[in-house]
Amino acid sequence: MDFKLISVAVALAILGLGMAVVAPVGVDLAAVLSAEQAAERLARELQHYQQLAVAQNTTFEFAFFPFDNCYVIKDLSGQYPVAQTIWLPAGVEFDYLSYQHQVRYHPSGRASQNGRISLTHENWQGNVQIIIANHSGRVRVQR
């Protein structure tokens, strides 16, 4: 009987330690996933409008508003007069912008400049980076 009681006590102690370690990670995991999903969406938008700039022979601009946690996509040629505003998910914010708050994709598919956009979450100490190479317009997400 004593052996079973000690086994149960040890098992509960191990379970308690495991929960103490996993519980804070669960909160951070949700924050990390939210920031990563926002970064993936922004990267897809950048790639989509790069391809659309080539296909439509037009220039698209992404204007970033770090204090409002949003970005606006505009067609500078006037073919598509409506600008589209994309809000970052709750808690996700711009951590760093190497741009002067905008990047353009020209009809050649080139970006106006090399750059890096970092997104983070208010409950997370890390960040997810979106890196753009201007000569190719290539967009990649770096974790």
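None of the figures in this text is laboratory data; all of them are computed from the coordinates on show. The structure presented is a predicted model; accordingly, all values stated were derived computationally and were not measured. Note that we place each Cβ from the backbone using ideal geometry, even for glycine, and neighbour counts take in every protein chain shown.
Things worth noting here:
- Selection over the stretch 96-130 of residues that are farther than 15 Å from residue 60 by Cα and touching a helix residue (DSSP H, G or I) at 6+ places or on another chain (Cβ under 9 Å) gives a count of 14.
- Strands (runs of 3 or more DSSP E) contained in the stretch 26-143 and holding at least 3 residues touching a residue at least 60 places away in the same chain (Cβ under 8 Å): 115-121, 128-132, 139-142
- The residues of the stretch 59-97 that are among the small types (Gly, Ala, Ser), over 27 Å from residue 30 (Cβ atoms) and loosely packed, with under 14 Cβ neighbours inside 10 Å, listed by number, are 78, 83.
- Residues in the stretch 110-121 include at least one that is small (Gly, Ala, Ser) and touching an Asp or Glu at 6+ places or on another chain (Cβ under 6 Å).
- Extreme residue, surrounded by the fewest Cβ atoms within 10 Å (Cβ to Cβ), among residues of the stretch 42-58 that are farther than 15 Å from residue 136 by Cα and not polar (S, T, N, Q): 55
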